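Let me begin by presenting the structure, written as structure tokens, before commenting on it.
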Amino acid sequence: MRYQVHVVGEKAPEPPSRLSRMSATINLPAWITEAVARAIAHDAEALCTVSNTILGACPIAVSAHLMPVDPAPGDAIEGA
């Protein structure tokens, strides 16, 4: 069965920068009944790892790491 999921987010007008609302639409083949379509949407809400994580307000840890960079050919190397 081929299907598509379309997600739209609405950005919050006030800081901090974030989404204030999201909606997802599952586009299913026309031969699927309305009852089956509702069941699929219900299961998607219950089983979707991404939406369940967002709804649960999962903390996000942000860090910065400096990575060594190989000098480009011809670049001077400090201390050399």
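Laboratory data are not the source of any read-out in this text; all were calculated from the coordinates shown. Remember, predicted model here, so these are calculated numbers, not experimental data. Counting neighbours? That spans all protein chains shown, and the Cβs are built from the backbone with ideal geometry, glycine included.
Here are some notes:
- Signed unit charges on C-beta, dipole axis of the range 4-55, positive-most listed residue GLY9, VAL50, THR33: GLY9
- Computed log₁₀ I(q)/I(0) - Debye formula, equal Cα scatterers, no solvent, the chain, q 0.22 Å⁻¹: -1.15
- If R0 equals 41 Å, the separation of the Cβ atoms of LEU28 and SER63 corresponds to a calculated FRET efficiency of about 0.50.
- Taking the longest Cα principal axis of the chain as reference, the axis of helix 34-47 is set at about 40 degrees.
- Packing, as the average of other Cβ atoms within 10 Å across residues, places the peptides 11-19, 46-54 in the order 46-54, 11-19, highest first.
- When only the Cβ of Lys, Arg, Asp and Glu is charged (+1, +1, -1, -1), the dipole of the chain relative to its Cα centre reaches about 420 debye.
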